[in-house]
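The values are calculated or read from the model by the stated rules, or taken from the named source; none is laboratory data. Remember, it's a predicted structure, so these values are computed and weren't measured experimentally. Reconstructed Cβ throughout: ideal geometry from the backbone, glycine too, with neighbour counts over all protein chains shown. Surface accessibility is based on the protein's heavy atoms, side chains included, excluding ligands, DNA and RNA. Shrake-Rupley method; radii C 1.70, N 1.55, O 1.52, S 1.80 Å.
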Amino acid sequence: MKTLIANGKIPLATHYNDDRSAKWSVKDKLLLGLSLSEYLAQAFRNPLNWFFAVIFSFGGYVTITRFIFGLGYVTHSSYDYPWGLFLGFGLFVMVPLSASGFMLGTAVEVFGRDDFKPIERLALLNGLLGYLFAVIFLQVDLGQPWRLIYPMFVSLGPAAVLFLVAWHVATYLTVQVAELVPAFAEMMGMPKLKTFIKSMILGLTIAGIILSTLHQGALGALFTYAPYKVHPLWMSAPFQWFHYFCSSVFAGLSMLIVVSTICKKTMAWRCDDNFLTSLDRLTIGLAKGATLALITYLVIKIIAIAHDGDWGYLASGWGQWYMLEMIAGVILPMILFTISIRNNLPGLARFAALIAVLGIALNRLNTALFTFNWKLYQEIPHWRELVITITVYCLFIATYRFVLYRLPILYTWKKDEEAAS
Amino acid sequence: MKAMNRRKFLKGSLLGGAAASVISKRKNADASSSFGGYPDAMGVLVDLTRCIGCRSCEAACNKEQGLPAPAQSFDDLSVLDHERRTSEGAYTVVNRYEIPGKDHPLFRKIQCNHCNEPACLTSCFVNAYTKTPEGAVIYDATVCVGCRTCMIACPFYVPAYSYSSVLNPVVQKCIFCYDTRLKFGRPPACVEACPREVLTFGKRKDLIKIGNQRIQNHPDLYEDHIYGEKEVGGTSWMYLSSAPFDQVGFDTDLGTQPILSYVKEFLTVVPMVLTIWPALFAGFHLLATRKDKQKKEEKSEI
């Protein structure tokens, strides 16, 4: 795409083509205003696509075998570890990293922080796709995925935490789709639809906050069903939901910093000046929010240990693993964020965000897999399970890129008058 | 009665969270009122001091439940060399434990303990589990989605899953021979098959009396504890042992609270968030944007 722009192509961002002779058709919009051969040529030039081709051809095959030969073929069929990577990574890691949508929605729509507008849509999209793929991971893991709607309509168990997660994730997906409809409406030229959504944006955003608070917390509360299986350092019945909710705040913000950095580095042609020039300032702003959440999280983690009287465990091997997670995944990014804020170093904030993202992934995997059944043996996932997980995640990245190339997320859709001038 | 009220309250609170499930509350009202320890629930008292590890119970269970033939026959006692757990092909298994300082090993039969307040039941989001008044915890495979949270929740590591099935994988565990026997007041197949009277079938409250009597009559033989009388809120299957329970494979760290009590800390938060958040954040919005509004009004006045 860079090459094409160097040759004088302008990325599609209006309803009318360059000389205003005709409207872009939907096909043109999908092909970024290129002809089919130009589009394919730029796709073939992109090395990431070759990487995806390899992953999807092999990983896609393995994924299909899961649905032909069953879960037993791709996992170790463990009775002791009923949840493996699909949920341990796909659900428990993806969902906190997708908290960006409600965080930025709150900042802009509720608190009126319009200065965060350039990155709001990216945050919403990060949330929507993260949740969507968490559901896809769930569908790979469920024994009978075609019964996904059973808890909604067929047989209801409303006293179960998972019931809440199911309903909230489904409702929240709808809310996030609605929140992104304006971007779609701009591109497709449907101003009435946009006005309609805008009229209820405050309600949608507050609904998003409620749903997020509860289901982020509920994912933690799922482990309170296994108070004797998860290691006590990672399991505190009264605090578990708050640990998960609080950590999702900095996880979502850090993920947004990471994603925006990737966008800036790899698809600067798609970003407009508004996004590119304000990104450094926004990164520092996001870092401030993340730091506040990190310190809150650290304190409530320590309070949980004190409340449960788990100090003794810190001296054990598990305790050292726990302290490594806390120092590398929480305290280190907190310090780096603070330095970056005080000295206005967006680059350092980006590095800190990456560490925080990895730290939160480690925390979720620790709870769901590594310290689960700490009194028994350690389960090591089947290689096919790992391959499928990587494949679905690559599909997530490919979808993400597909949407970013097209919808006005990183750029502003030009009004017809502007385009004319 | 207390437990029932709490259960109802929790259900109600999550119902609110589910927004559109007012109808479901009515549908599930029966389930909530019938939850808890039933006064006439049946149970089995397992006396480890009598078991010789002959695996007759395993064979009887296999036949009664129509399970596939095992790789090694039930006469083959070499399977006892390794500790086993329940699986999709075996709802009950016997394990051998060498006890330090004793000249003979102890054998322990495991199967679903049929809790009074089952963790599997409380964790299930499609209500697949039912605790029957007879004491059995049964499972409805036709609604199971296969999330396997029940396997996460079970403190005894009992439910197994038929991972090998592609089209109809289900949870598989002991159901107290509910359909074929317990419903008609008959003891489960394993109890009938036991040649050593290890297993005593009866009303749970009577079994506790019997257990205490045995401990009283032979205080030198038995540990002074009935495992399952109080663990995780009490179970229908209970155990007597001559060795400390942790030496015969029991988890002695499980408290006396039902698993649900650990979850309720979160469940009580749900209605608070639902009711407080809208007003709180709408208020924040008004506070945060009041200056913009003032500016606008000033402008319009001019």
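Computed with every protein chain present, the accessible area of B:His104 is close to 90 Å² [probe 1.4 Å]. Report note on the peptides B:81-90, A:162-171, B:252-261: ranked by the mean count of other C-beta atoms within 10 Å, highest first, their order is A:162-171, B:252-261, B:81-90. Return the whole-Å distance between the Cα centroid of the stretch A:153-211 and the Cα centroid of the stretch B:152-220. Taking the Cα centre of the stretch B:152-220 as reference, the centre of the stretch A:153-211 is 47 Å away. Among residues other than A:Tyr297 whose Cβ falls under 14 Å from its Cβ, what is the net charge (Lys/Arg +1, Asp/Glu -1)? Here the count lands on +1.
Accessible surface comparison of A:Tyr73, A:Tyr405, B:Tyr157, probe 1.4 Å, protein chains only, largest first: the order is A:Tyr73, B:Tyr157, A:Tyr405.
Between helix B:2-17 and chain B there is an angle of about 40 degrees, using the helix long axis and the longest principal axis of the Cα atoms.
Just tell me how shielded A:104-115 is by partners: mean number of partner chain Cβ atoms within 10 Å of each residue's Cβ, no decimals.
Average per residue, whole number: 3.
The residue list A:Met334, A:Ser316, A:Ile380 was ranked by how far each Cα lies along the charge dipole of the stretch A:265-407 toward its positive end, using unit charges on Cβ atoms, and A:Met334 comes out on top. What whole number of Å gives the distance from the Cα centroid of the stretch B:49-74 to the Cα centroid of the stretch A:239-281? Spelled out, the Cα-based centre of one part sits 58 Å from the other.
Here chain B exposes an accessible surface that is 55 percent carbon and sulfur, computed with a 1.4 Å probe and the other protein chains kept in place. The angle separating the long axis of helix B:22-33 from the principal Cα axis of greatest extent in chain B is about 30 degrees. Need one number: % antiparallel among DSSP beta bridges in the protein assembly as shown, to the nearest 5. That works out to approximately 85 percent antiparallel. What the Cβ-Cβ distance of A:Ser57 and A:Phe402 gives, at R0 = 22 Å and to the nearest 0.05, is a FRET efficiency of 0.75.
Helix B:269-288 against the longest principal axis of chain B: what's the angle in degrees, Cα atoms only, rounded to the nearest 10? For helix B:269-288, the angle is close to 20 degrees. Net charge of the neighbourhood of B:Val158, taken over other residues with C-beta under 14 Å away and scored Lys/Arg +1, Asp/Glu -1, is +3.
Rolling a 1.4 angstrom probe over the stretch A:231-355 with all protein chains present gives an accessible area of which 71% lies on carbon and sulfur atoms. Note that the stretch B:49-65 has calculated 3J(HN,Hα) couplings of 5, 9, 6, 10, x, 7, 6, 4, 5, 4, 5, 5, 5, 4, 6, 4, 8 Hz, one per residue in order, obtained from phi through the Karplus relation 6.51 cos²θ - 1.76 cosθ + 1.60 (θ = phi - 60°); glycine and proline are x. With a 10 Å cut-off between alpha carbons and a GNM built on chain A, which of A:Phe92, A:Phe370, A:Phe196 moves the most? With Cα springs under 10 Å in chain A, the top fluctuation among A:Phe92, A:Phe370, A:Phe196 is at A:Phe196. Counting Lys and Arg as +1 and Asp and Glu as -1 over every other residue whose Cβ lies under 13 Å from the Cβ of A:His76, the net charge comes to -2.
Spacing of the modelled spin labels on B:Leu77 and B:Lys296, each 7 Å from Cα toward Cβ, amounts to 8.6 nm. Accessible surface for B:Arg204 stands near 30 Å², nearest 10, in the context of the full protein assembly shown (1.4 Å probe). Accessible surface area normalised per residue over chain A is 39 Å², counting heavy atoms of protein chains with a 1.4 Å rolling probe.
Mind checking which helices in chain A clear 30 Å along their axis (Cα) and have mean Kyte-Doolittle hydropathy of 1.0 or more, DSSP H runs only?
A:47-69, A:117-141, A:161-188
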